[in-house]
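Asker: So that we are looking at the same thing, I have put the structure below in structure tokens.
The values are calculated or read from the model by the stated rules, or taken from the named source; none is laboratory data. Computed from a predicted structure; not experimentally measured. In this analysis, Cβ positions are derived from the backbone assuming ideal geometry, glycine residues included, and neighbour counts consider all displayed protein chains. Calculation scope for accessible area: heavy atoms of the full protein, side chains included, ligands and nucleic acids excluded. Shrake-Rupley method; radii C 1.70, N 1.55, O 1.52, S 1.80 Å.
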Amino acid sequence: MGIAFKTKTNPVPTFSGTGKRSVGFHTPTTPVDKILTLLSRYREASIALVAILLVIYFQIGSDSQFLTSQFMSVVLRDTGRLGLIAIAEVMLMITGEIDLSVSSVYSFAPYSMVLMANSLGVPLPLAAIISLSMGIAVGILNGVVTVRFRVPSLITTVGTLFLFQGIVVWINDSQPIVAPIQEPFNAIFGQNLFRPSDSLLSWHAVTAFTPFLWTLAAVLIIALVLNRTTFGLHTVATGSNIVGAREIGVRTDRIKIYNFMLAGGLAAFAGIINTVQFSSADPQAGSPFLTLQAIAAAVIGGTSLLGGSGTVIGALIGAFVVATLNNGLVMVGAQATVSDIYLGAAILAAMILNVQVNRLRARRRI
């Protein structure tokens, strides 16, 4: 004889057209129910709604200039820069850790790349690979100190933030250096060749959106890894219940170190793209404010600070929201001195919306 178990939530009884009583979740009928159903199925939906509303607002406020190709290339450039760092933070935050040193890697790796190319004659592609390896090495350092010596990742990465930021400032007396141009490397990894006379379907037009396209590719790959691979499953398990994960054989320490390595590599890659785009390596390019904005993008995109859940697609949308606010406020005439006020208020509003949607959909069980 079989044994039946009761579920924690009581299903909502409904009635079929024949008058027979059936059991199940109610089918949404009103527009509100349909919207809530959409928001309940996709964590990214609420922040996507915020992004759409912001675009509409800035498009109207800028006399239809916001969605022009020239301005959107700037917004998407910043989205790509923030997005790469945000998705790196997502993977770590899912495991219950965080990395505040990504902004220093963002400066340190490309600065080293340009120095190798200019002073040692190293070909730019090879210098970029070495610089990426440096970023991954910083991730290994962060991971080992955190998991082996049991130092909280917040403290570990604050230490490496100051360490590598200090190194890059000390190397050349805090002076920016001009990056070399070696095609096709520059065109592929950030150089903008687009001019008003070029066709929107040309290769030059594609280069205007190169940073965003690289970030989009990274998001799709990491989303696939997170949702379809054993590594992604173990990453979520580590953040959800680290003791339980260890009991079933997950090497949680190794998983955390791998994600620190991923964060360092993505931060270095973002810095390389930024340096190639502006043809200059600036030791001050990666300010701690960049890290905070990336973390904000990850959180408002639906990633939990407590670990165990996160979405890289939501982080990309969150990065778009932050980039839209940064650039759109300037376009509609907001003073630079008050732009942070609007940005902070918008981040709080987006977070409140996420929390309220979660509560509402739990209460309605849709």
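Asker: Kindly indicate the residue of region 174-191 that is among the aliphatic types (A, V, I, L, M) and outside any loop (DSSP other than H, G, I, E, B) and also surrounded by the fewest Cβ atoms within 10 Å (Cβ to Cβ) among those meeting that condition.
Answerer: 178
Asker: Quick one: which of 115, 82 is touching a residue at least 12 places away in the same chain (Cβ under 8 Å), part of a helix (DSSP H, G or I) and either acidic (Asp, Glu) or open to solvent by 30 Å² or more (accessible area, probe 1.4 Å) (or both)?
Answerer: Among 115, 82, only 115 is touching a residue at least 12 places away in the same chain (Cβ under 8 Å), part of a helix (DSSP H, G or I) and either acidic (Asp, Glu) or open to solvent by 30 Å² or more (accessible area, probe 1.4 Å) (or both).
Asker: In region 318-337, how many residues are out of contact with any Ser or Thr (no Cβ under 7 Å at 6 or more places or on another chain), outside any loop (DSSP other than H, G, I, E, B) and open to solvent by less than 40 Å² (accessible area, probe 1.4 Å)?
Answerer: The total comes to 7.
Asker: Okay, next question. Looking at 352, 313, which is the one that is aliphatic (A, V, I, L, M), part of a helix (DSSP H, G or I) and at pLDDT 90 or above?
Answerer: Residue meeting the stated conditions: 313.
Asker: Taking interchain pairs and intrachain pairs at least six residues apart, which have beta carbon atoms under 7 angstrom, with the first residue in region 245-267 and hydroxyl-bearing (Ser, Thr, Tyr) and the second surrounded by fewer than 19 Cβ atoms within 10 Å (Cβ to Cβ) and in a helix (DSSP H, G or I)?
Answerer: 252/246
Asker: For residues that are more than 15 Å from the chain's Cα centre (by Cα) and either among the basic types (Lys, Arg) or assigned to a helix (DSSP H, G or I) (or both), tally how many sit in region 287-305.
Answerer: 1
Asker: Hey, could you check region 192-211 for residues that are in a helix (DSSP H, G or I) and among the aliphatic types (A, V, I, L, M) and say which is nearest to residue 128 (Cα to Cα)?
Answerer: By that ranking, first place goes to 206.
Asker: Quick one: what pairs do we get from region 191-216, first residue more than 16 Å from residue 79 (Cβ to Cβ), second surrounded by 20 or more Cβ atoms within 10 Å (Cβ to Cβ) and at pLDDT 85 or above, C-beta under 6 Å, 6+ apart or different chains?
Answerer: Listed by first residue and then by second, the contacts come to 191/276.
Asker: Same structure again: I'm told residue 61 meets every condition in (1) at pLDDT 65 or above; (2) touching a Phe, Trp or Tyr at 6+ places or on another chain (Cβ under 7 Å); (3) not aliphatic (A, V, I, L, M) except one. Can you identify the failing condition by its number?
Answerer: (2)
Asker: Suppose we keep only residues that are polar (S, T, N, Q) and closer than 29 Å to residue 91 by Cβ within region 193-228. Which one would you say is modelled with the lowest pLDDT?
Answerer: Among those residues, the one meeting the criterion is 207.
Asker: Okay, moving on. Give the residue that is least open to solvent (accessible area, probe 1.4 Å), with candidates limited to residues of region 126-173 that are of a type in the set (S, T, N, Q) and at pLDDT below 95.
Answerer: 165
Asker: Ok, one more. So residue 284 fits all but one of (1) under 18 Å from residue 78 (Cβ atoms); (2) of a type in the set (S, T, N, Q); (3) within 20 Å of the chain's Cα centre (by Cα); what number is the exception?
Answerer: Looking at each condition in turn, residue 284 falls short on (3).
Asker: Given the criterion among the hydrophobic types (A, V, I, L, M, F, W, C), in contact (Cβ under 8 Å) with a residue 40 or more places away in the chain and under 27 Å from residue 74 (Cα atoms), identify the matching residue among 236, 330, 321.
Answerer: 321
Asker: Next question. Pairs needed: first member in region 143-162, assigned to a helix (DSSP H, G or I); second member anywhere, aromatic (Phe, Trp, Tyr); C-beta distance under 7 Å; at least 6 residues apart or different chains.
Answerer: 143/260
Asker: What is the residue count in region 229-261 for residues that are assigned to a helix (DSSP H, G or I) and under 21 Å from residue 89 (Cβ atoms)?
Answerer: Adding up the residues that qualify gives 22.
Asker: Counting only residues that are buried (at least 20 other Cβ atoms within 10 Å of the Cβ) and among the polar types (S, T, N, Q), which one in region 193-215 is farthest from residue 178 (Cα to Cα)?
Answerer: Restricting to residues being buried (at least 20 other Cβ atoms within 10 Å of the Cβ) and among the polar types (S, T, N, Q), the top hit is 215.
Asker: Would you check if there is a residue in region 257-277 being at pLDDT below 95 and open to solvent by 50 Å² or more (accessible area, probe 1.4 Å)?
Answerer: For region 257-277, residues at pLDDT below 95 and open to solvent by 50 Å² or more (accessible area, probe 1.4 Å): absent.
Asker: On to the next question. Need the failing condition index for residue 89 against (1) over 30 Å from residue 246 (Cα atoms); (2) in a helix (DSSP H, G or I); (3) of a type in the set (Asp, Glu), just the number.
Answerer: Going through the list (1) over 30 Å from residue 246 (Cα atoms); (2) in a helix (DSSP H, G or I); (3) of a type in the set (Asp, Glu), residue 89 breaks only (1).
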